[in-house]
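Here the structure is laid out as C-alpha cells; the discussion comes afterwards.
All of the numbers you see were taken from the coordinates with simple rules; none came from a lab. Treat the numbers as computed from the prediction; the structure is a model and nothing was measured. With ideal geometry, Cβ positions are generated from the backbone for all residues, glycine too; neighbour counts draw on all protein chains shown.
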Amino acid sequence: MTMKLTDKRYFKTYKILFKYKRWIIISFLLAILNTIVQIPIPLITKFIIDEIVINKKVTLIWDVTIVLFLVIPFLIIIPFLKQLFLAKLTHKTGIMIRNVLCSHLLKLDLSHTISRPAGYFSSIIFQDVDRLIASIYQVLFPILQNIFLFIVGIVLLIYLKFELAIIPIVMLPAYALFNFQLGSRLKKEVS
C-alpha cells in the first residue's frame, strides 16, 4: 500500500511530528550552524597559502592560530549538539507514535488479533516505528542539510572565484536528471 500526498494518514503522521516542531527547528538550525561553522576552514586555508606561504608574511601565523583556536571548538561542539537534539527528537517521536499505536490496538476487536501470528503487533509497534523514525531523521535531515551545504558552497565558490562555481552549477542539473531517471527505473524494476 502506498501513501499519496492527499492521504489523511500522511498528514496524521506529520501532525504527530509537528508536536515537536520546536525540537525540529532547533535541530535544523544546529544543522545550518554546523554548515556555517565549516566555512572558515577553506577561507583560512586560502589565506595561509596566499598571504603566509606566497607573500612570506610569517608574522600572521599567530593570528591564524588564534582564529583556529576560536573556530575548532565550534567544529566539535555544534555537530555533537545537533546529534544530541536529533537523538532526543527521535526518542520522543518514537514514544509518541508507539503510544498512538498502542491506544489504537486497544480499540480493535478481538477477531483482528486472533487471526494474526504471534508477535505481529509488537513487530509493527517496535520495528516498523523504528524504521519510520530512522527514515525521517536519518534521511530527511541530512538531505536538507546537504542542500543548504551545497548552496553555501556555491556562494563560497562564487566569492573565491566565479569560474569554480560554474562547474557545479552546470553539472547539477545533469546529475539530478540522471538520479531521477535511475530512481524511476529502479522503482519500476522493484514494483
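Brief remarks follow.
- Applying D = kT/(6 pi eta Rh) to the range 99-191, where Rh is the Kirkwood radius over alpha-carbon pairs, T corresponds to 20 °C and eta to 1.002 mPa s, the Stokes-Einstein value obtained is 120 µm²/s.
- Percent breakdown of C-alpha pair distances by 10 Å bin, ordered from the shortest bin, for the chain: 7, 21, 25, 22, 13, 7, 3, 1, 0
- At most 13 other Cβ within 10 Å, DSSP loop - trypsin sites (Lys or Arg not before Pro), the range 43-129: Lys56, Lys57, Lys107
- GNM on the chain, alpha-carbon springs under 10 angstrom: the most fluctuating residue among Val53, Val64, Val100 is Val53.
- Set of lysines near Lys19 by C-alpha distance (under 27 Å), chain-local residues within fewer than 8 positions excluded: Lys4, Lys8, Lys82, Lys88, Lys92, Lys107
- Ratio Rg/Rh, restricted to the range 82-151 and using Cα atoms, in which Rh is the Kirkwood radius: 1.16
- Sites matching trypsin sites (Lys or Arg not before Pro) across the range 126-191 that sit in DSSP coil, with at most 12 neighbouring C-beta atoms within 10 Å: Lys161
- Value of relative contact order over the chain, rounded to a whole percent, pairs C-alpha under 8 Å and six or more apart: 26 percent
- Legend: calculated FRET efficiency, Ala134 to Gln181, from the Cβ-Cβ distance at R0 = 35 Å, rounded to 0.05, equals 0.85.
- For the pair the range 94-123 and the range 154-191, the centres of their Cα atoms are 43 angstrom apart.
- Between Ile166, Ile44, Ile114, the GNM of the chain built on Cα springs shorter than 10 angstrom shows Ile114 fluctuating the most.
- In the chain, the DSSP-assigned H stretches of four residues or longer account for a calculated mean residue ellipticity at 222 nm of -25500 deg cm²/dmol, using -39500 (n - 2.57) per stretch and the full residue count as denominator.
- Where labels lie 7 Å past Cα in the beta-carbon direction, separation of Lys56 and Phe74 in nm: 3.4 nm
- Axial C-alpha extent at least 20 Å, average Kyte-Doolittle at least 1.6 - helices from the chain (DSSP): 21-37, 141-160
- Normalised Debye scattering of the range 25-73 at q = 0.25, 0.29 Å⁻¹ gives log10 I(q)/I(0) of -0.89, -1.04, counting only Cα atoms as equal scatterers and leaving out solvent.
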